[in-house]
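Below is one structure, written out as structure tokens; the observations come after it.
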Amino acid sequence: MHCVYILQSVDGAHFYTGQTEDLRARFAKHNAGEVSHIAKFKPWRIKTYLGFADEQKAIAFEKYLESPSCRAFARKRP
């Protein structure tokens with residue numbers, strides 16, 4: 001199962017979108033500071049995640065979530 005996830009910093013100011021086969025392990029790495037690109041914004045919480053049986057569909061959906069129009073839409077929703 002491939003998961004696409006959206007993280008939100010606990011302060012609520014930053015978001016991160018990713019894709020993984022092991023959400024628990026990846027989330028632990030984010031909060032441990034092992035993902036250098038976003039370590040300075042930790043701690044993180046999972047805002048939402050979706051599961052995909054097909055890896056290519058998960059990758060395509062992650063790219064969609066990272067598009068400017070989708071980011072604007074997501075930030076307007078609680």
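Here, each number is a calculation from the coordinates, and none is a lab measurement. Remember, predicted model here, so these are calculated numbers, not experimental data. Virtual Cβ from ideal backbone geometry, glycine too; neighbours counted across all protein chains shown.
Can you name every residue in the stretch 29-74 that is of a type in the set (S, T, N, Q) and either in contact with a Phe, Trp or Tyr (Cβ under 6 Å, 6 or more places away or on another chain) or more than 14 Å from residue 16 (Cα to Cα) (or both)?
If the condition is that a residue be of a type in the set (S, T, N, Q) and either in contact with a Phe, Trp or Tyr (Cβ under 6 Å, 6 or more places away or on another chain) or more than 14 Å from residue 16 (Cα to Cα) (or both), then 31, 56, 69 are the ones that fit.
Quick one: count up the residues across the stretch 24-49 that are without any contact (Cβ under 8 Å) to a residue 12 or more places away in the chain and charged (D, E, K, R).
4
Name the residues in the stretch 1-23 that are over 12 Å from the mean Cα position of the chain (by Cα) and either without any contact (Cβ under 8 Å) to a residue 40 or more places away in the chain or buried (at least 18 other Cβ atoms within 10 Å of the Cβ) (or both), would you?
First, pick out the residues of the stretch 1-23 that are over 12 Å from the mean Cα position of the chain (by Cα): 1-2, 10-13, 21-22.
Across the stretch 1-23, the qualifying residues are 2, 10, 11, 12, 13, 21, 22.
Counting just the residues of the stretch 24-72 that are among the charged types (D, E, K, R) and part of a loop (DSSP other than H, G, I, E, B), which one comes out surrounded by the most Cβ atoms within 10 Å (Cβ to Cβ)? Show your work before the answer.
Taking the stretch 24-72 as the starting set, the residues that turn out to be among the charged types (D, E, K, R) are 24, 26, 29, 34, 40, 42, 45, 47, 54-55, 57, 62-63, 66, 71.
Adding the requirement that they be part of a loop (DSSP other than H, G, I, E, B) leaves 34, 42, 54, 66.
Details: 34: 11, 42: 16, 54: 10, 66: 13.
Result: 42.
Output the number of residues of the stretch 11-23 satisfying the condition of being not polar (S, T, N, Q) and not in a loop (DSSP other than H, G, I, E, B). Step through it out loud before you land on a result.
Step one: of the stretch 11-23, the residues not polar (S, T, N, Q) are 11-16, 18, 21-23.
Now narrow it down to the ones that are not in a loop (DSSP other than H, G, I, E, B): 15-16, 18, 23.
Matching residues across the stretch 11-23 total 4.
Go through the stretch 1-44 and report how many residues are of a type in the set (Lys, Arg) and touching a Ser or Thr at 6+ places or on another chain (Cβ under 8 Å). Steps first, answer last, please.
Just the residues of the stretch 1-44 that are of a type in the set (Lys, Arg), to begin with: 24, 26, 29, 40, 42.
Next, from what is left, pick out any that are touching a Ser or Thr at 6+ places or on another chain (Cβ under 8 Å): 26, 42.
Residues in the stretch 1-44 being of a type in the set (Lys, Arg) and touching a Ser or Thr at 6+ places or on another chain (Cβ under 8 Å): 2 in total.
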